[in-house]
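Colleague: Attaching a single structure in structure tokens format; questions to follow.
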Amino acid sequence: MAKNVIVVFGGVSNENEVSVITGTMAANILKNGGLTVIPVYIAQDGTTYCSPSLADVSVFKGDNFRRFPKALIANGGVYLFNKKGKMKKFVKADAALNCCHGGTGEGGAVSGLFQTADIPLASAGIFESSLFMDKYLTKLILSALGVKTAEYTYIKTREEVDCPHNMPQFPLIVKPVTLGSSIGVEKANNLKELQSAVETALIYDSAVIVEKYLENRREINCAAYFYGGEVVTSECEEAISGGEILSFEDKYQGGGKSVLPADIPTDTAKLIKDTTRKVYSDLNMRGIVRFDYIISGGEVYLSEVNTVPGSLSYYLLSSGFKDFFAVLNAVIEQAEEDFHFAKSKKLLHTGILENISSRSIKGSKHLEN
């Protein structure tokens, strides 16, 4: 019998529409590979829908998706409800794949949802998702691991920009701290541009990373996943922008181009792959993850880590959609293996409740150790 695999996409995120592209792509690859796919879409208002028809990207033109059943993920599967809000069906799931970009979807909430629902997740876990969704926390952990990153400062208010002596020298890059897809990212060459860029970024997010702009930069990507006891890395890709920084238009509207494999020295490619394996392995990561690097002045800097990369980096890890099924199937198998291993561990039952009366709890302000 074919496995039932949930593919969840969308989310309360500025990247909801991009996620639809990734999610429907993955759903169809898995379906064509012989698995039974359960597409689950999370709308920007947080409402969750489920239907086989949601694997068709054309459904998302307008609000057509709202005609499909609302859904709830719990107890090892998906509950579907009729228009009156009554449960009409439960579908058991063997595994799930997270295709939500940005927001809580990529930031750990979806990972936590599936862990709570007792469903193996073939994607990044709670820790690495929440960690790498935040560019400030990313800087802290990479520093602890001895990985080189660009000089930066972290600011939470517009007023902090008025003290430029606390920041790297111009030019600078301004990035909303938890957004992806280059949304809100701007280059600032002087204080006035910095103030404007920070004001714009704070419209989208609660904090900002102001980073030194690395001159003569080359942007290199490397994807990885874990299977069979080893971290598998892709070849290095160079992403070439249409301007000074890689923009949303470059990534999704044909403004940029890529070179695969990247035309870089062999030792540089090896350093990037080795660093990718190190970070992935040291943090015991899972799922398909893309690591974004910058080469500048002969140095290699790790810029960002994407735990739900665009199109799940299929173009880095395979020769096409058909071959990519093997990669998705591998991470699904790994998720099931990890799940059963975790289930084999003993949960402690202390029995302390047997000796506590309800009278001793009522009216007490706290419990003493």
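The values are calculated or read from the model by the stated rules, or taken from the named source; none is laboratory data. Fair warning: this is a prediction, and the values are worked out from it, not measured in the lab. Neighbour counts run over all protein chains shown; Cβ positions are idealised from the backbone, glycine included.
Colleague: Return only the number of the condition from (1) surrounded by fewer than 15 Cβ atoms within 10 Å (Cβ to Cβ); (2) in a helix (DSSP H, G or I) that Lys346 does not satisfy.
Modeller: Failing condition for Lys346: (2).
Colleague: All but one of (1) in a strand (DSSP E or B); (2) over 20 Å from the mean Cα position of the chain (by Cα) hold for Gln169; state the number of the condition that does not hold.
Modeller: Going through (1) in a strand (DSSP E or B); (2) over 20 Å from the mean Cα position of the chain (by Cα) one by one, Gln169 breaks only (1).
Colleague: Sticking with this structure for a sec: Here is a check on your reading of the model: is Ser13 out of contact with any Lys or Arg (no Cβ under 8 Å at 6 or more places or on another chain), part of a loop (DSSP other than H, G, I, E, B) and of a type in the set (Ser, Thr, Tyr)?
Modeller: Values: out of contact with any Lys or Arg (no Cβ under 8 Å at 6 or more places or on another chain): yes; part of a loop (DSSP other than H, G, I, E, B): yes; of a type in the set (Ser, Thr, Tyr): yes.
Spelling it out, Ser13 is indeed out of contact with any Lys or Arg (no Cβ under 8 Å at 6 or more places or on another chain), part of a loop (DSSP other than H, G, I, E, B) and of a type in the set (Ser, Thr, Tyr).
Colleague: Restricting the search to the range 55-72, which residues are hydrophobic (A, V, I, L, M, F, W, C) and more than 21 Å from the chain's Cα centre (by Cα)?
Modeller: Correct list: Val59, Phe60, Phe65, Phe68, Ala71, Leu72.
Colleague: Can I ask one more? Of all residues in the range 164-220, count the ones that are out of contact with any strand residue (DSSP E or B) (no Cβ under 9 Å at 6 or more places or on another chain) and basic (Lys, Arg).
Modeller: 1
Colleague: Ok, one more. Within the range 118-144, track down each residue that is of a type in the set (A, V, I, L, M, F, W, C), in contact with a Ser or Thr (Cβ under 9 Å, 6 or more places away or on another chain) and over 30 Å from Ile73 (Cβ atoms).
Modeller: Hit for the range 118-144 is Leu142, nothing else.
Colleague: Only one of these conditions is not met by Ile119: (1) touching a residue at least 40 places away in the same chain (Cβ under 8 Å); (2) more than 30 Å from Phe339 (Cα to Cα); (3) β-branched (Val, Ile, Thr). Which number is it?
Modeller: Answer for Ile119: the failing condition is (2).
Colleague: On the basis of being within 17 Å of the chain's Cα centre (by Cα), modelled with pLDDT of 95 or more and part of a helix (DSSP H, G or I), does Leu316 make the cut?
Modeller: Values: within 17 Å of the chain's Cα centre (by Cα): yes; modelled with pLDDT of 95 or more: yes; part of a helix (DSSP H, G or I): yes.
So Leu316 passes the test.
Colleague: So which of Thr48, Thr36, Thr22 ends up being assigned by TED's automatic domain parsing to the domain that holds Ala96, at pLDDT 95 or above and touching a His at 6+ places or on another chain (Cβ under 8 Å)?
Modeller: It is Thr22.
Colleague: Something else: If only one of Gly146, Gly77, Gly112 is at pLDDT 95 or above and loosely packed, with under 15 Cβ neighbours inside 10 Å, which one is it?
Modeller: Exactly one residue qualifies, and that residue is Gly146.
Colleague: Criterion first (out of contact with any strand residue (DSSP E or B) (no Cβ under 9 Å at 6 or more places or on another chain) and buried (at least 24 other Cβ atoms within 10 Å of the Cβ)) does Glu15 satisfy it?
Modeller: Yes, satisfied.
Colleague: Pairs only if they're at least six apart or on different chains, beta carbon under 8 angstrom, first in the range 317-336 and assigned by TED's automatic domain parsing to the domain that holds Arg290 and among the hydroxyl-bearing types (Ser, Thr, Tyr), second in a helix (DSSP H, G or I) and crowded, with 20+ Cβ neighbours inside 10 Å; list them, first residue then second.
Modeller: none
Colleague: Considering the range 1-12 alone, what residues qualify as being surrounded by 22 or more Cβ atoms within 10 Å (Cβ to Cβ) and of a type in the set (A, V, I, L, M)? Talk me through it step by step, then tell me what you get.
Modeller: So the first thing to find is which residues in the range 1-12 are surrounded by 22 or more Cβ atoms within 10 Å (Cβ to Cβ), and the list is 5-11.
Matches in the range 1-12: Val5, Ile6, Val7, Val8.
Colleague: If Ala150 satisfies every condition in (1) over 19 Å from Gly46 (Cβ atoms); (2) in contact with a helix residue (DSSP H, G or I) (Cβ under 7 Å, 6 or more places away or on another chain) but one, which is the exception?
Modeller: That leaves (2) as the condition not met.
Colleague: Could you tell me whether any residue of the range 51-69 is in a strand (DSSP E or B), free of Cβ contacts under 8 Å to residues at least 40 places away in the same chain and out of contact with any Cys (no Cβ under 7 Å at 6 or more places or on another chain)?
Modeller: No; the residues of the range 51-69 include none that is in a strand (DSSP E or B), free of Cβ contacts under 8 Å to residues at least 40 places away in the same chain and out of contact with any Cys (no Cβ under 7 Å at 6 or more places or on another chain).
Colleague: Give me the residue from the range 25-54 that is within 21 Å of the chain's Cα centre (by Cα), more than 15 Å from Phe321 (Cα to Cα) and small (Gly, Ala, Ser) and, out of that set, surrounded by the fewest Cβ atoms within 10 Å (Cβ to Cβ).
Modeller: Per the stated criteria, the residue is Gly46.
Colleague: Being of a type outside the set (Asp, Glu) and under 14 Å from Arg277 (Cβ atoms) is the filter; apply it to the range 229-243 and report the residue that is surrounded by the most Cβ atoms within 10 Å (Cβ to Cβ).
Modeller: Looking at residues that are of a type outside the set (Asp, Glu) and under 14 Å from Arg277 (Cβ atoms), I get Cys236.
Colleague: In this structure, does Val327 turn out to be surrounded by 11 or more Cβ atoms within 10 Å (Cβ to Cβ) and assigned to a loop (DSSP other than H, G, I, E, B)?
Modeller: In short, no.
Colleague: Turning to a different aspect of this structure: Would you mind telling me which numbered condition in (1) within 15 Å of Glu304 (Cβ to Cβ); (2) within 19 Å of the chain's Cα centre (by Cα); (3) at pLDDT 95 or above Asn284 fails?
Modeller: All conditions are met except number (1).
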